Amino acid sequence: MAIIVNLDVMLAKRKMKSNELAEKIGITTANLSILKTGKAKAIRFSTLEAICKELNCQPADILEFQNENTSTSSV
């Protein structure tokens, strides 16, 4: 997947548990888990906004683009 979700990193930096964030932003812990593991196919802007407000961060702190065509090995 080209989009990497770093939500677990931000939660650790803010010393917050997933279930606490889920409760504060009004989504289920199951849906937050799907997002955290990168299995989500989409995210609503309203959910992203709520996460950013609670974690006091920017969307780029949570979502990262990684080009799948870029090779990490050097020849």
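Residue under question is residue 3, and the condition is that it be surrounded by 14 or more Cβ atoms within 10 Å (Cβ to Cβ), within 13 Å of the chain's Cα centre (by Cα) and under 17 Å from residue 64 (Cα atoms); does it hold? When the stated conditions are applied, residue 3 does not pass them. Each residue in the stretch 26-38 was checked for being of a type outside the set (A, V, I, L, M) and closer than 13 Å to residue 8 by Cβ, and 4 of them qualify. Which members of the stretch 45-64 meet the condition of being under 12 Å from the mean Cα position of the chain (by Cα) and outside any helix (DSSP H, G or I)? 57, 58, 63, 64, listed by residue number.
There is no residue in the stretch 11-34 that is hydrophobic (A, V, I, L, M, F, W, C), exposed (fewer than 12 other Cβ atoms within 10 Å of the Cβ) and part of a loop (DSSP other than H, G, I, E, B).
Of all residues in the stretch 39-48, those that are surrounded by fewer than 13 Cβ atoms within 10 Å (Cβ to Cβ) and of a type outside the set (S, T, N, Q) total 5. The residues of the stretch 49-62 that are closer than 13 Å to residue 10 by Cα and either of a type in the set (A, V, I, L, M) or surrounded by 11 or more Cβ atoms within 10 Å (Cβ to Cβ) (or both), listed by number, are 51, 52, 53, 54, 55, 57, 59, 60, 61, 62.
FYI, it's all coordinate maths here, none of it is from the lab. The structure presented is a predicted model; accordingly, all values stated were derived computationally and were not measured. Neighbour counts are summed over all protein chains in view; Cβ atoms, including those assigned to glycine, are modelled from backbone coordinates with ideal geometry.
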